[in-house]
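Heads up, the thing below is written out as structure tokens.
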């Protein structure tokens, strides 16, 4: 809904997510930041748009047991999946 004056967060539209514990660490940091980020980090937000299905986004994050991010929506999905989620440096406007 790109022209909508208001839109609920994507978290209200996703189906319940089964909790499956995975291993490994996923890094999902913004490439727009000036901070140093791990080389294996992926700016997952750049892989979709407001028209993209949310499920590939969730599937990517769900591959890991631990998530580090500075992206709010990545942190939300990590928490919904029951992953150990570490978020830092959110910019609030």
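The values are calculated or read from the model by the stated rules, or taken from the named source; none is laboratory data. Everything numeric in this text was worked out from a predicted model, so none of it was measured. Methodologically, a virtual Cβ is constructed for each residue, glycine included, from the backbone with ideal geometry; neighbour enumeration extends over all protein chains shown.
The table that follows gives values for the structure above.
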| read-out | value |
| --- | --- |
| In segment 63-73, residue farthest from residue 32 (Cα to Cα) [restricted to those that are modelled with pLDDT of 90 or more and touching a helix residue (DSSP H, G or I) at 6+ places or on another chain (Cβ under 8 Å)] | 67 |
| Every residue from segment 21-71 that is surrounded by 12 or more Cβ atoms within 10 Å (Cβ to Cβ), assigned to a loop (DSSP other than H, G, I, E, B), out of contact with any strand residue (DSSP E or B) (no Cβ under 8 Å at 6 or more places or on another chain) and in contact (Cβ under 8 Å) with a residue 24 or more places away in the chain | 22, 30, 33, 54, 62 |
| In segment 72-88, the residues that are under 8 Å from the mean Cα position of the chain (by Cα) and either free of Cβ contacts under 8 Å to residues at least 12 places away in the same chain or surrounded by 20 or more Cβ atoms within 10 Å (Cβ to Cβ) (or both) | 74, 75, 77, 78 |
